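None of the figures in this text is laboratory data; all of them are computed from the coordinates on show. Worth saying up front: this structure is predicted, and the values here are computed from it rather than measured. Here the Cβ positions follow ideal geometry from the backbone for every residue, glycine too, while neighbour counts run over all protein chains shown.
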Amino acid sequence: MLFPKRVGMRPASIMKLFPRIVSLAGAGLAASLMLPAAAMAAGMPQLDFSTPLTISQVVWGSIIFAVLYLVLSRSGLPLVASVLDERAAKISLDLEGAHAAKARADAGIAEADQATAKARAEAQAAISAAVNEAKKAAAIQAETLNARLEKQLADSEAQIASARASAMSALRQVATETASTVVARLTGVSPDATRLNGAINSALAARGIG
């Protein structure tokens with residue numbers, strides 16, 4: 001290929017190559033003209049400058065090369081340079097777009113991470129609040145239940161005490177009536193109520209019945 005496709009080679013560098021090529025071609029042509037014609041004809045007859053045909057070919061070749069050089073330097077190379085510049089500009093624009101897209105993606109990932117952390121913290125706070133509310137409700141229910149049980153226990157103890165008092169009163173009455181009847185039948189005289197109550201109380205106390 002005549003021109004490289006590498007983007008790294010700038011158009012100015014390509015323009016600078018042509019004068020060197022022309023100078024090298026001119027130097028080669030001058031060196032060939034300085035060689036003896038017999039030596040060139042012995043190895044390569046097409047370089048025998050003693051004939052007018054060879055000289056005309058070299059001259060016309062130089063003219064054509066100069067014309068091509070002028071055409072390329074005036075029209076071809078600027079076009080190639082503009083194409084390379086457009087290509088480099090497009091690649092640079094694409095790279096900038098890629099960098100911008102990467103920056104946006106990084107920002108989106110950071111926002112997503114922040115949102116996730118915030119949601120996790122809010123969920124943890126909601127769970128902690130629910131647990132605390134449940135503990136408070138359980139404590140209130142336990143206190144209510146304990147108060148109810150204590151009241152029922154106190155009522156039961158009061159009922160038991162009342163029943164025991166009623167039973168003791170009935171037992172004392174039955175014992176008093178029975179003892180009074182027995183004494184009256186045995187002696188024919190009604191016993192003294194004070195002495196009888198004292199004896200009954202002593203008997204009940206001896207058996208652990210208050």
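Expected output is a single nm value to one decimal: the length gained when fully extending between ALA193 and LEU79, i.e. 0.36 nm times separation in residues minus the C-alpha distance. What is it?
26.3 nm
Excluding same-chain residues fewer than 8 positions from LYS135, which aspartates and glutamates have a Cα within less than 18 Å of its Cα?
Counting by Cα, and skipping residues close in sequence, LYS135 has these aspartates and glutamates nearby: GLU143.
Run the numbers for THR116 and VAL182: contour at 0.36 nm per residue of separation, minus the present Cα-Cα distance, in nm. Don't skip to the end; give the middle numbers.
Values: separation 66, 0.36 × 66 = 23.76 nm, distance 9.63 nm.
Full-extension gain reported as 14.1 nm.
In whole angstrom, how long is each semi-axis of the equivalent ellipsoid of region 161-206, when you take the square root of 5 times every eigenvalue of its Cα gyration tensor and sort them from largest down?
Working: eigenvalues 102, 24, 11 Å².
In descending order, the three semi-axes are 23, 11, 7 Å.
Suppose each label sits 7 Å from its Cα in the direction of the beta carbon; what would the ASN132-ASN201 distance come out to in nanometres?
6.3
Rounded, prolate or oblate for region 84-210? Axes are the square roots of the Cα gyration tensor eigenvalues, ordered a ≥ b ≥ c, and the cut-off for rounded is a/c under 1.5.
It comes out prolate by the Cα gyration axes.
Given the C-alpha centroids of region 158-174 and region 140-154, what is the distance between them in whole angstrom?
Taking the Cα centre of each part, region 158-174 and region 140-154 sit 28 Å apart.
Multiply the residue gap between ASP155 and THR51 by 0.36 nm, knock off their C-alpha separation, and tell me the result in nm, one decimal place.
Answer, rounded to one decimal: 22.6 nm.
With a sphere of radius 14 Å drawn around the Cβ of LEU149, what net charge do the other residues whose Cβ falls strictly inside it have (Lys, Arg +1; Asp, Glu -1)?
Summing Lys and Arg as +1 and Asp and Glu as -1 gives -2.
Which order results if SER156, SER73 are arranged by neighbouring Cβ count within 10 Å, fewest first?
Numbers: SER156 10, SER73 13.
With the sparsest Cβ surroundings first, the list reads SER156, SER73.
To the nearest 0.05, how large is the calculated FRET efficiency for ALA167 and GLN141 if R₀ is 41 Å and r is the Cβ-Cβ distance?
My answer for the efficiency is 0.60.
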